[in-house]
1. Looking at the stretch 90-113, which of its residues are touching a residue at least 60 places away in the same chain (Cβ under 8 Å), assigned to a helix (DSSP H, G or I) and open to solvent by less than 60 Å² (accessible area, probe 1.4 Å)?
2. Mind listing whichever residues of the stretch 36-66 are in a loop (DSSP other than H, G, I, E, B) and in contact (Cβ under 8 Å) with a residue 60 or more places away in the chain?
3. Consider the stretch 72-88. How many of its residues are within 16 Å of residue 113 (Cβ to Cβ) and surrounded by fewer than 20 Cβ atoms within 10 Å (Cβ to Cβ)?
4. Suppose we filter 48, 26, 101, 92 for residues that are within 14 Å of the chain's Cα centre (by Cα) and among the β-branched types (Val, Ile, Thr); which single one remains?
5. Out of everything in the stretch 42-71 that is in contact with a Pro (Cβ under 7 Å, 6 or more places away or on another chain) and open to solvent by less than 20 Å² (accessible area, probe 1.4 Å), what residue ends up being nearest to residue 92 (Cα to Cα)?
6. Give the residue that is surrounded by the most Cβ atoms within 10 Å (Cβ to Cβ), with candidates limited to residues of the stretch 14-41 that are at pLDDT below 95 and β-branched (Val, Ile, Thr).
Amino acid sequence: MGATHSDTNLSRSELVAKIKARLESVDPLKAKELGGVFLFNIIKGTSVYSWTLDLNKVIVYEGEPEEDPDTTFTLNEHHFKQLVSGREDPRVIMQAGRCSVTGDIMRAMKLEPYIKLD
């Protein structure tokens with residue numbers, strides 16, 4: 001079952017809270033096996049909202065990591081909501097240039113179970 005339509009109406013911080021809850025439901029050993037620190041920069045107008053998914057520690061928090069992330073995603077709020085709600089395939093978003101990804105792209109392609117909301 002996919003994310004509900006209402007997930008795309010949530011604020012960025014509400015979506016991050018849902019991702020945090022999602023992370024608590026996954027196997028921490030599998031998350032640590034993938035590992036890595038992922039920074040998401042979400043753009044809305046002229047402002048940027050940043051949050052971090054740290055699979056080394058299996059935590060999610062608002063803001064940037066203390067050390068350089070393994071992968072950084074930069075995308076607008078609309079495409080972020082499409083990504084986490086499962087309304088658009090992550091590969092399509094990246095290949096269409098709707099999301100800038102720097103760093104470990106191969107590891108980034110394995111993030112879907114941790115950021116996609118059910």
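1. Filtering the stretch 90-113 down to residues touching a residue at least 60 places away in the same chain (Cβ under 8 Å) leaves 104, 107-108, 110-111, 113.
Adding the requirement that they be assigned to a helix (DSSP H, G or I) leaves 107-108, 113.
Within the stretch 90-113, just 108 meets the criteria.
2. To start, the set of residues in the stretch 36-66 that are in a loop (DSSP other than H, G, I, E, B) comprises 36, 45-46, 55-58, 63-66.
Of everything in the stretch 36-66, just one residue is in a loop (DSSP other than H, G, I, E, B) and in contact (Cβ under 8 Å) with a residue 60 or more places away in the chain, namely 36.
3. 1
4. None of the others qualify; the one that does is 101.
5. Within the stretch 42-71, the first condition is being in contact with a Pro (Cβ under 7 Å, 6 or more places away or on another chain), and the residues that meet it are 52, 54, 58.
Cutting the leftovers down to open to solvent by less than 20 Å² (accessible area, probe 1.4 Å) gives us 52, 54.
Numbers: 52: 22, 54: 24 Å.
By that ranking, first place goes to 52.
6. 16
The values are calculated or read from the model by the stated rules, or taken from the named source; none is laboratory data. All of these numbers come straight from a predicted model, not from anything done at the bench. Ideal geometry is used to build each Cβ from the backbone, glycine not excepted, and the neighbour counts take in all protein chains shown. Just so you know, the surface numbers come from the protein's heavy atoms only, side chains and all, with ligands and any DNA or RNA stripped out. Shrake-Rupley method; radii C 1.70, N 1.55, O 1.52, S 1.80 Å.
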